[in-house]
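Undergrad: This is the structure I want to talk about, given as structure tokens.
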Amino acid sequence: MAELARNNAPQKSLRGNSFLLWIEAWKSFKKNKLAVVGLFIVIVFIFLALSAPYITPEGINDQKLADRLLPPSSEHWLGTDDFGRDILSRVIHGARISLWVGFVSVIGSIVVGCFLGILAGYYGRWVDTIISRFFDIMLAFPSILLAIAIVSVLGPSLRNALIAIAIINVPNFGRLIRSKVLSIKQEEYVTAAKAIGMRDRRILFFHILPNSMAPIIVQGTLAIATAIIEAAALGFLGLGAEPPAPEWGKMLADSKNYLVQAPWTMFFPGIAIMLTVLGFNLMGDGLRDALDPRMKN
Amino acid sequence: MFSYTIRRLLMLIPVLFGMTFIVFFMIRAIPGDPAQVILGQLATEEAINSLRAELGLDQPWFTQYFEYLKQLFTLDLGESLRTKTEVSEEIWPYLAATFELSFVALIIAVVVGVNAGIISAWFQKSWFDYTAMVVALVGVSMPIFWLGLMEQWMFSVQLDWLPPSKRENVKNPVETITHFYLIDTLIQGRMDQFIDVVKHLIMPGIALATIPMAIIARITRSSMLEVMRSDYIRTARAKGQKMFWVVYKHSLKNAVIPVLTVIGLQTGLLLGGAILTETIFSWPGIGRYIYNAIEFRDYPVIQSGILIVATIFVMINLIVDLLYALIDPRIKYN
Amino acid sequence: MKKKSLFLSLVFIFILGIALVGCSTSTTENPPEQGETNDNNEETNDDQNQQSEDSSSESTLVFGRGADSVDLDPALVTDGESIKVTLNIYDTLVKYGDLDTSIEPSLATDWTTSDDGLTYTFNLREGVKFHDGTDFNAEAVVYNFERWANGDKSSFYYYSSMFGGFKGDEGHVIQEVKAVDELTVEFTLSRPQAPFLQNVAMPPFGIASPTALEEYGESFTENPVGTGPFVFQEWKRNDRIVLVKNENYWMEGYPKLESVIFVSIPDNATRLNELIAGEIDIADGVSPNDNTRVEEESDLQLFVRPSMNVGYLGLTNTRPPFDNKLVRQALNHAVDKEGIIAAFYSGQAVPAKNPLPPVIAGYNDDIDPYPYDLERAKELLAEAGYADGFEMELWAMPVPRPYMPDGQKVAEVIQNSFAQIGVSAKIVSYEWATYLEKARNGEADAFLLGWTGDNGDADNFMYVLLDKDNIGSNNYAYYSNDQLHDILIDAQSNPDQAKREELYKQAQEIIHEDAPWIPLVHSTPILGGKNNIKDFFAHPTGSQSLTKVYFE
């Protein structure tokens, strides 16, 4: 697989008409029904996350021990959990946490990954060797195992889970950018820019980065999906968010004890995770088809 | 091809070295003093210090690291602090448990995924196609720990069809030979136990299979659609052969590549997913082994466990890449 | 290349074929076919099968519990899970009653105490042998006690805490253990110890085979040899421990079971599911929420363990602001014990106001508990100078304990109440051993913990948990009060039971005023088991002998 990706034909220069390209991409994205569904799901969850404090019926931490484990009803649409807290409110607030972890960790991975990838691709030689081998090594560990190990080093908390997820995704972006840089470096306009004495930094910022945007956006969208699942997995293992934070994975872990009496405590956080991830996956697939048909396989 | 293989093997060396390096330092960064852990809560200061000296923990890090490498070269994986047994002696049952589970998951994923993909493509735009593809889409996005809980709720709690956890019936334990229980029970001709083992495998197997299954189904379907447009099939159709079987056979052949891809890409996912699956189903596999070791600060086990899993992962990726190169001449070796 | 790929495809199809076959066998649930195979099997594998059938249906008890043992040498262990097993491999000189802590004969048939309370003479049972064939006699008893007395605190923890240290230590109670003749042992004490027999009966003082101790040395803990009802057979760490019947057990007609398997299943819910699915026979530590589930199943029964424990929130008395008595009292007003019990104990507990449970002689019922009153708590905080509250860490145990089935949940309730008086608590948890170690080092602000009585004496709660002597050991709260110390030592050595009880009542008043903890609950732990299990006695100490258990 890696070989395939590396041998991608160099892409044509898109500079200058990039605005048109985005319009084209949007048009083709719009035609893709599934992608639009994905976008819709994502927008809904972003809306829920942003407006959570204003729309939730109850506070996330309003314990009412007398009302614990109530089944879904008109008062509590999704029932209550073992502290008598309203599950609907907690699931909505959970979107804040999951999306926050998803976006921030992926942005972190992109920034670090881009930095390392550009260094490796642009300067080549030993810089490239070291960085590329480093990526190989990182990718040699199953990601969730690496995340667990990192969190054990840093201590379990939501912030550290976020850092761990960011770290394990760095090589994916690093490799992507590196191969992009390698192919663009050969382009005539870059050679020309160099010839007229343009500085490295300018070349990087004005030519290489803009041209790498499309694959980064695609990969980034898909990575958010993975990051959300990973954060939930860490939360589920008790290595993520701390109580009383309404993190979806943590909520699932808590529901384990009530599988029989109160299965609804398990259903809804799980559905929330699945829908969010599905949304980002669909959107990512759609973006890939629209922005970079060659990445499809 | 040969030189490519050699090159790939050589490239492994720095990766393996790097892995030992990362593992070594990560373990040392985990808070907590191994000497304290070994001796327990009531140990005296002197006892701890003398043990630290004995374990070489008072040495500078590079001495410790080279000691560690030297041990690895003699295949000495260290001794578990908790069980006081050599890791190399006790790790196999856990590995075997994970292999068995992953293998079953992979079989489920391939059999169901490939067939669903082919049928979907053949009856493109039928209800089956839509259902299968929606299921596949959802499957790719499935948090498997949630799926595991749902399975338990459905099949154990509600329907009472399958045992909720573990690998075997505790009352009727399997006599271990290879530690692959499916094989062990068959060798001994214990059909009752074999069925037991299969029943225990179904739920975790499906949970673990879901994501690869969905991916395989999607890839197979799209490659199958291409096949159906090919001249070969048109010729076959012209000759009046029974179409479905022609296409089916041809697609199976074509499925080799996507399946290999998935094996390569998903082994990490399987091995990683195994930790979560094993947690939910109390499956005594390598993921649980390492996770427990982390909880107990059992450094040699964490160190060697992670290293072994990573090495297996790297090896499988290598084999898959090589097979890939062997099968598909379009892939360049350089 | 083409040929190769064809070949590979064939291989692939072949594998797929096998897979399909494998899959169809795995999913076929064809009853007649299954029956056939089984029949065939029985013919060929008659012996093996019958054996397994016998043992699985009638006489093997699978005991599911929350964690694996740490050691199988009873003298080394400090955790309840280890003791649950060793209790069935070893006998002690005297033992507790089936459901209480009264003293009954065991390896000693009878005993006499001198008037000054300094000499105990035990007459030993005749004809008892260790599992390895070694004779049990007075020398064996002396050997074991000598071994412990010459130990150090890092190994023989219980010995030191029950008998005041080791040989040469100032407070060491057992001056000499002497074999008078083959079957008579005499203990000479340096000072009277009121609960001496209670102590000797504790499972950590199980008598081990001297021959085996010599033979195995360090690895004895993995090759335990005692005189008890069951013989050790196999230990798969983190998974199971198998014991088989001791055919020559001294108790005529016992044990009734052929074998016992202890299986560790950490998750409460999973363990219960295993019980309902019939994979295990007894599930330890059933979550209180789940007892209705057990009751609903017609083939299951509940076992109720008489309550002899306390669950508490310790406040480290040396760490500010918890060094301020007013703060500790304020927090005592800010915990809704009734709410916690209703929600996370399903009512299977009573709120605690003292460090020792009501069943223990010396319990002071006249103490007036701190009521749940957030206004009063705020007032006290303001008085202490913390009107705006403060930030703290609230430690919650990571594993279910008998006195607290779900520490995390209890912590969340407390966190919520504290927030209402301006105290913002962050819930912290560590792996169990680390948790204890750090709390013992005084690193916690406040920590959830508890204690199950070992021998039914008040000393085992008051002195062990709250005396200044035990700071750095079981006095995790670092609570130190000299007046209390004098009372507790007096109570320990005084042979007059009525006087002792009075002293303990007095001690509880001091503790109530100082409020080193927030006593939370005395719980009634619950076990679930198959309906046809008879004579299983869930012992208040948390570990029970399975000698008399049988399937109906």
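Rule-based calculations on the coordinates, nothing more; no lab input. Remember, predicted model here, so these are calculated numbers, not experimental data. Methodologically, a virtual Cβ is constructed for each residue, glycine included, from the backbone with ideal geometry; neighbour enumeration extends over all protein chains shown.
Undergrad: Please arrange B:326, A:278 by counting, for each residue, the other beta carbons lying within 10 Å of its beta carbon, fewest first.
TA: B:326, A:278
Undergrad: Can you compute the equivalent ellipsoid semi-axes for the range A:208-280, i.e. the square root of 5 times each eigenvalue of the Cα gyration tensor, sorted largest first and rounded to whole Å?
TA: Equivalent ellipsoid of the range A:208-280: 32, 13, 7 Å, largest first.
Undergrad: How many percent of Cα pairs in the range C:309-523 exceed 30 Å?
TA: Numbers: 3768 of 23005 pairs.
The answer is 16 percent, as a whole percent.
Undergrad: Could you tell me which helices of chain B pass both thresholds, a Cα extent of 30 Å or more along their own axis and a mean Kyte-Doolittle hydropathy of at least 0.5, with helices taken as whole DSSP H runs?
TA: The qualifying helices are B:2-29, B:87-122, B:191-228, B:243-280, B:299-327.
Undergrad: Separate question: Quick check: net charge around residue A:222, other residues with Cβ under 12 Å of its Cβ, Lys/Arg +1 and Asp/Glu -1?
TA: Value of the local net charge: 0.
Undergrad: Moving on. Would you work out which of C:203, C:157, C:145 lies farthest towards the positive end of the dipole of the range C:90-227, given +1 charges on the beta-carbon of Lys and Arg and -1 on that of Asp and Glu, about the Cα centre?
TA: Farthest towards the positive pole: C:157.
Undergrad: Under a straight-distance cross-link criterion of Cα-Cα below 30 Å, which lysines are reachable from residue B:253, leaving out those fewer than 8 residues away in the same chain?
TA: A:296, B:125, B:239, B:242, B:332, C:2, C:3, C:4
Undergrad: Separate question: Taking each pair of distinct Cα atoms in chain B once, what is the resulting Kirkwood hydrodynamic radius in Å?
TA: One over the average 1/r among Cα pairs gives 22.9 Å for chain B.
Undergrad: I'd like to know which of B:195, A:50, B:309 lies farthest towards the positive end of the charge dipole of the protein assembly as shown, counting +1 on Cβ of Lys and Arg and -1 on Cβ of Asp and Glu.
TA: Ranked along the dipole, the leading option is A:50.
Undergrad: Treating only the Cβ atoms of Lys and Arg (+1) and Asp and Glu (-1) as charged, compute the dipole magnitude of chain C about its Cα centre; round to the nearest 20 debye. Write down the numbers at each step before the final one.
TA: Values: 40 positive and 89 negative charges, 338 e Å.
About 1620 debye.
Undergrad: What spacing in nm lies between the two simple spin-label points modelled at residue B:71 and residue C:432, each 7 Å away from Cα in the Cβ direction?
TA: The modelled label-to-label distance comes out at 2.6 nm.
Undergrad: Students often forget the sequence filter, so: which lysines lie under 22 Å Cα-Cα from residue A:64 once same-chain residues fewer than 8 apart are removed?
TA: A:250, A:256, C:337, C:378, C:409, C:426
Undergrad: Between residue C:497 and residue A:51, what is the label-to-label distance in nm when each label sits 7 Å out along the Cα-to-Cβ direction?
TA: Here the answer is 7.2 nm between the modelled labels.
Undergrad: Filter the DSSP H helices in chain A by two things, a Kyte-Doolittle mean of at least 0.5 and an axial alpha-carbon span of 30 angstrom or more, and list the hits by number.
TA: Once both thresholds are applied, what remains is A:33-55, A:87-123, A:158-185, A:209-236, A:264-291.
Undergrad: Using Cβ counts within 10 Å as a stand-in for footprinting exposure, how do C:232, B:99 rank, fewest first?
TA: On the way: C:232 21, B:99 18.
Starting with the residue having the fewest Cβ neighbours, the order is B:99, C:232.
Undergrad: Among A:81, A:67, C:110, what is the fewest-to-most ranking by other Cβ atoms within 10 Å?
TA: C:110, A:67, A:81
Undergrad: Mind computing the radius of gyration and Dmax over the alpha-carbon atoms of the range C:423-535? Å is fine for both.
TA: Cα-based Rg and Dmax for the range C:423-535 come out at 17.1, 53 Å.
Undergrad: How much length is gained on full extension from residue C:552 to residue C:373, taking 0.36 nm per residue of separation minus their Cα-Cα distance?
TA: 59.3 nm
Undergrad: For q values of 0.16, 0.18, 0.19, 0.24 Å⁻¹, compute log₁₀ I(q)/I(0) with the Debye formula on a Cα-only model of the range B:46-96, without solvent.
TA: Summing over Cα pairs of the range B:46-96 leads to -0.59, -0.72, -0.78, -1.00.
Undergrad: With runs of 4+ DSSP H residues as the only contributors, calculate the mean residue ellipticity of chain C at 222 nm using -39,500 (n - 2.57) per run, divided by the residue total and rounded to the nearest 500. Intermediate values should be presented prior to the final figure.
TA: Numbers: 18 runs with 189 residues, N = 552.
Helix-only estimate at 222 nm: -10000 deg cm²/dmol.
Undergrad: Another question, then. About the Cα centre of the range C:90-227, what is the dipole size in debye to 20, counting +1 per Lys and Arg Cβ and -1 per Asp and Glu Cβ, all else neutral?
TA: Taking the Cα centre of the range C:90-227 as origin, the dipole is about 300 debye.
Undergrad: Measure off 7 Å from each Cα along the Cα-to-Cβ vector at residue C:297 and residue C:535, then give the distance between these two points in nanometres to one decimal.
TA: Distance between the two pseudo-spin positions: 2.4 nm.
Undergrad: What FRET efficiency comes out for residue C:393 versus residue B:61 if R0 is 35 angstrom and r is the Cβ-Cβ distance? Round to the nearest 0.05.
TA: My answer for the efficiency is 0.65.
Undergrad: Could you give the semi-axes, largest first, of the ellipsoid that matches the range C:188-343, computed as the square roots of 5 times the alpha carbon gyration tensor eigenvalues and rounded to whole Å?
TA: Computed over the range C:188-343, the values are 37, 29, 17 Å.
Undergrad: Okay, next question. Rounded to the nearest 20 debye, what is the charge dipole size of the range B:65-190 about its Cα centre when +1 sits on each Lys and Arg Cβ and -1 on each Asp and Glu Cβ?
TA: Dipole of the range B:65-190, to the nearest 20 debye: 340 debye.
Undergrad: Helix by helix through chain C, keep the DSSP H runs that span 15 Å or more along the axis on Cα and average at least 0.0 on Kyte-Doolittle, and give those back in order. Show your work: numbers first, answer last.
TA: Working: long enough: C:2-27 (37 Å, 1.40); C:31-44 (20 Å, -2.61); C:138-149 (16 Å, -0.05); C:407-420 (20 Å, -0.24); C:482-493 (17 Å, -0.26); C:497-514 (26 Å, -1.58).
Helices meeting the criterion: C:2-27.
Undergrad: OK, next. Taking a point 7 angstrom from the Cα of residue C:365 along the C-beta vector, which residues in the range C:424-465 have backbone N less than 18 Å away?
TA: Answer for this model: C:458.
Undergrad: Also: Between B:46, B:89, B:151, where does the largest GNM mean-square fluctuation fall for chain B, given springs only between Cα atoms within less than 10 Å?
TA: B:46
Undergrad: So for the protein assembly as shown, Kirkwood radius off the Cα pairs, Stokes-Einstein at 37 °C and 0.692 mPa s: how many µm² s⁻¹?
TA: Once the numbers are plugged in, D ends up at 100 µm²/s.
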